[in-house]
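Step one of this worksheet: look at the structure below.
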Amino acid sequence: MTVSVAAVLHSEWLKIRSVRASYGSLLAVLGVTLALTLLVHAVVGGPDAGTDPVYGAFQAVNYAQVAALAFGATAVSSEYAHGSLRVSLAAVPRRGLLYGSKVAVVAGAGLLVGTVTGFATFLVGQGFAGAEDRLGLADAGVPRACLGTGVYLMLMALLAAGLTFLLRSAVAVLSVLVPFILIASFVFGAGTDDDGGFAAYLPDRAGQQVLHQVPGGPLGAWGGVGVLALWAGGALLAGCVALRRRDA
């Protein structure tokens with residue numbers, strides 16, 4: 001019996017909804033960003049925008065990305081709990097179809113929630129901003145940053161998903177990725193965006209260029225997203241090879 005693509009996609013979405021860690025992490029992408037945005041405005045009157053007010057409006061995305069990583073990792077790691085992958089492969093013997101459907105659902109959910117997060121965070125934050133500091137949706141860089149938030153968080157989720165297929169453990173993946181994403185930019189040198197140093201090509205530093213009104217460094221806004229996509233694509237390729245070659 002041939003299993004349709006639509007049926008596999010639906011089953012993968014049901015899996016995510018039935019796993020509290022996955023569904024909770026997905027909802028946390030929006031919840032964490034809005035909560036931190038409100039907290040920053042309530043405590044200190046708003047983020048430190050510096051010379052880039054658009055990036056200042058999206059600073060909470062730095063924390064939402066941890067939830068996005070957790071979503072991608074837990075959406076995949078549930079397959080390796082209690083022999084679930086063997087059941088999945090019995091229902092969908094074509095490993096490529098199973099893998100592609102899982103990736104598509106993670107990407108779609110991450111993009112949708114991430115884009116809603118981008119617009120909601122911006123609108124909520126600007127609702128608290130003073131008249132002289134308030135930005136509008138039509139201001140330079142704002143529409144790109146709102147949409148780019150969705151793309152950025154989706155790619156972070158896919159990066160984690162691919163590595164989880166490779167390592168078979170959400171704990172292992174998050175133990176590597178979270179410190180790497182949060183610390184590596186500082187270890188390799190803050191302020192290297194403008195001179196094209198190695199830190200400019202790290203996943204977070206490159207991808208977050210889309211959140212800036214005036215992107216710095218050699219990549220530009222969507223060039224930085226492209227570099228992040230290469231990181232995510234490499235992880236997904238490694239995960240696909242691992243799924244095809246390993247026993248369940």
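Return the only residue of LEU167, LEU228, LEU237 being in contact with a Pro (Cβ under 6 Å, 6 or more places away or on another chain) and modelled with pLDDT of 90 or more.
On the way: LEU167 fails: in contact with a Pro (Cβ under 6 Å, 6 or more places away or on another chain); LEU237 fails: in contact with a Pro (Cβ under 6 Å, 6 or more places away or on another chain).
The conditions single out LEU228.
Can you tell me which residue in the stretch 204-248 is most open to solvent (accessible area, probe 1.4 Å), limited to those that are part of a helix (DSSP H, G or I), more than 21 Å from ALA60 (Cα to Cα) and of a type in the set (Lys, Arg)?
Checked the stretch 204-248; the qualifying residue most open to solvent (accessible area, probe 1.4 Å) is ARG245.
Scan the stretch 6-40 residue by residue and report those that are of a type outside the set (Lys, Arg) and open to solvent by 80 Å² or more (accessible area, probe 1.4 Å).
First, pick out the residues of the stretch 6-40 that are of a type outside the set (Lys, Arg): 6-14, 16, 18-19, 21-40.
If the condition is that a residue be of a type outside the set (Lys, Arg) and open to solvent by 80 Å² or more (accessible area, probe 1.4 Å), then HIS10, TRP13, LEU14, SER18, LEU27, LEU39 are the ones that fit.
Does LEU98 satisfy the condition of being over 25 Å from ASP52 (Cβ atoms) and either at pLDDT 95 or above or among the aliphatic types (A, V, I, L, M) (or both)? Don't jump to the end; show me each part of the working.
Working: over 25 Å from ASP52 (Cβ atoms): yes; either at pLDDT 95 or above or among the aliphatic types (A, V, I, L, M) (or both): yes.
So LEU98 passes the test.
Any chance you could count how many residues in the stretch 120-152 are open to solvent by less than 70 Å² (accessible area, probe 1.4 Å), touching a residue at least 24 places away in the same chain (Cβ under 8 Å) and within 22 Å of the chain's Cα centre (by Cα)?
Residues flagged as open to solvent by less than 70 Å² (accessible area, probe 1.4 Å), touching a residue at least 24 places away in the same chain (Cβ under 8 Å) and within 22 Å of the chain's Cα centre (by Cα) within the stretch 120-152 amount to 15.
If only one of ALA104, ALA73 is hydrophobic (A, V, I, L, M, F, W, C), touching a residue at least 24 places away in the same chain (Cβ under 8 Å) and open to solvent by 20 Å² or more (accessible area, probe 1.4 Å), which one is it? Working first, answer last.
Values: ALA73 fails: open to solvent by 20 Å² or more (accessible area, probe 1.4 Å).
Among ALA104, ALA73, only ALA104 is hydrophobic (A, V, I, L, M, F, W, C), touching a residue at least 24 places away in the same chain (Cβ under 8 Å) and open to solvent by 20 Å² or more (accessible area, probe 1.4 Å).
So, in the stretch 49-107, how many residues would count as being over 15 Å from LEU167 (Cβ atoms) and within 15 Å of the chain's Cα centre (by Cα)?
The total comes to 17.
The values are calculated or read from the model by the stated rules, or taken from the named source; none is laboratory data. Predicted model, so just to flag it, every value in this text is computed and none were measured. As a convention, Cβ positions derive from the backbone with ideal geometry for all residues, glycine included, and neighbour counts pool all protein chains shown. Calculation scope for accessible area: heavy atoms of the full protein, side chains included, ligands and nucleic acids excluded. Shrake-Rupley method; radii C 1.70, N 1.55, O 1.52, S 1.80 Å.
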